[in-house]
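What follows is a single structure, written as structure tokens, with notes after it.
Read-outs throughout are calculated quantities, based only on the coordinates presented, and are distinct from any laboratory measurement. Please read these numbers as outputs of a predicted model, since none were measured by experiment.
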Amino acid sequence: MQSRRPVIMLAFGFLVLAVSVLIAYRAMVLQDKARILVRHTLQVENELTDIGRFVTLAEASQRGYLITVQPAYLQSYRAAQGRLPGIMATLTKLVRDNPPQVSRATELGVLIERRMAILHEGIDLVSAGKGEEAFALVKSGKGHDVTIRFSTVLADMRAEEDKLLQGRAALAALRTDYARVVLVVSFFLALILAFFALRGAMARIVALDATIAKLNEESHARGQAQSQVQQLQKMEAVGQLTGGIAHDFNNMLAIIVGSLDLARRRLRDGDTEKAVAILDHAQDGADRAAALTAQLLAFARRQPLEPKTLEPNRLVGGISELLRRTLGEQIQIETVLAGGLWRVHADPEQLESALVNLAVNGRDAMPGGGKLTIETANSELDERYAASHEEVTPGQYVMISVTDTGVGMTPDVIEQAFEPFFTTKEVGRGTGLGLSQVFGFVKQSDGHVKIYSEPGQGTTVKIYLPREAGVAVSVGRIASADVPVGRPDELVLVVEDEARVRRVSVDALVELGYGVIEAANGQEALTILADNPGIRLLFTDIVMPGMSGRLLVDKAHETRPDLKVLYTTGYTRNAIVHNGVVDYGVAFIQKPFTIQALARKVREVLDDD
């Protein structure tokens, strides 16, 4: 009986091991199911994104047709009309296991049908030669409530899927850990069985256990060390960023404060001409501070973009003369523009700024002069390329590259080139934010940017922007001297909770010739609107205590649907800017703004019929 005990124990051990293996297999099956759920949620989010995009394309296409009466403008509308039913069918099928999402999807389908019906009604009116009735339909705001509800339901569905994604990702991670634990238990059971089967090898097994324990300890220690290093790197990056911001802003504040102090002294002495020159110096410092803020927002991907469908060749050709004046005679500029180039959907001003930044960087890399080449081409980033660049989505892109024949970069410099305030230039030759601004703009535009360079061989920076199928708009430059003015009967209501900022806006509009009434908050503004039916424009800040600018506009439009609106703010993410893009049909001016910029924007809104 005693001799049979080891055999019985060994058989029992194998049985336990077999059970452990089955449990591990079950855990991996559950893990795979959790991953399938995660992929399912991601697919639902993709369908929601496509729905929002096609509805926006349909609206833009219909408005283009109303304005031009050109059938070509209806291409995107018809594409959306054909694609939306299929996408909605797929979405409904995907969420059928989630009753709240099924309800939202049903409502979303109804809202899409209503919105498309309203768009179709406008198209039919124009096709029948009833253009004035079609524009009256647009001005009536008939589709406003549908659009608002559509955006709300779409956002609710995305929020639900985000919540599901978090939960399912956590479940997948938990089941992965569970599988690992079971496998570890099975491993130790195998060790125990080996102990009974090979008693003579006990000494080596004990040594192996000790080694495993030591490795686990070293692995734990190494993990802690890596976490500490990562934390130190993060703190160093934050320190570099804040230090750079403080340094540059202190320099600009020194210019502004010092110049204003000097101007005040000159005015006391009656030297007006000298005071004006000094105030120009202060203005330059303020402009540089505003530009730095814009660069920081671009790097953080928080700048409000106003994208349009563009022809890149036309934009590149349009800035060639500007670059020749900016870069100087020592730099030879060549453009290589591809035939049949695709269109892109991007903010023209920010794209132009990015190209100018790259061109200036190229000039600085060629102190003795050289050649700068701007090239465009159609390009496709395939699955293989995307696999080595996590942020890239495979697909068709328009490539715009800027190449210089300068000193080039080493690999370690390339690795840090997009970091804020990193620069190889001498003190005073740059902020180190130029490439950071380019990087932030391209990423916010769903694009990709890549640097190719070798020391002594020059540098090429390639920008990839997604292909857009829409009709390109004409983007022209507004002369800086063009300052349109208003009339006293064009009454503007300025709503701003910060008294000093409100004073500046009011004085600027009065200077431009407009009649102005001011309000310190939304409730006061609603009272003034009720008492003054002659107000033509509501100029409001977005972020205000109590009642936001967006809520104020919604309430004002209940009684004055024809009231024109111009928003302003220094920073906003959710009121009128979503995913970094200003909402369609919204007029917006970023703080701080010049009188010239305000004059053009106010005139543009008032004249937009």
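Listed by chain and number, the lysines whose alpha-carbon sits under 22 Å from that of LYS462, ignoring those within fewer than 8 places in the same chain, are LYS308, LYS371, LYS425, LYS443, LYS450. In terms of Cα atoms, the Rg and Dmax of region 491-606 work out to 13.0, 37 Å.
Return a whole-number percent for the relative contact order of region 35-132, with Cα pairs under 8 Å and 6 or more residues apart as the contact set. Kindly include the intermediate steps, with their values, before the conclusion.
Values: 64 pairs, mean separation 30.0, N = 98.
Contact order relative to length: 31 percent.
In summary, the aspartates and glutamates within cross-link reach of LYS139, defined as a Cα separation below 13 angstrom excluding same-chain residues under 8 places away, comprise ASP562, ASP608, ASP609. Look at where the Cα atoms of region 107-157 and of region 33-99 average out, and the two centres are 16 Å apart.
Judged by the ratio a/c of the largest to the smallest principal axis of the C-alpha gyration tensor, region 110-154 counts as oblate, that ratio being 1.5 or greater while a/b is no larger than b/c. Derived scalar couplings between HN and Hα for region 491-504 equal 8, 10, 9, 9, 10, 7, 6, 8, 4, 5, 5, 4, 4, 5 Hz in order, rounded to whole Hz, by the Karplus curve 6.51 cos²θ - 1.76 cosθ + 1.60 (θ = phi - 60°), x for Gly and Pro.
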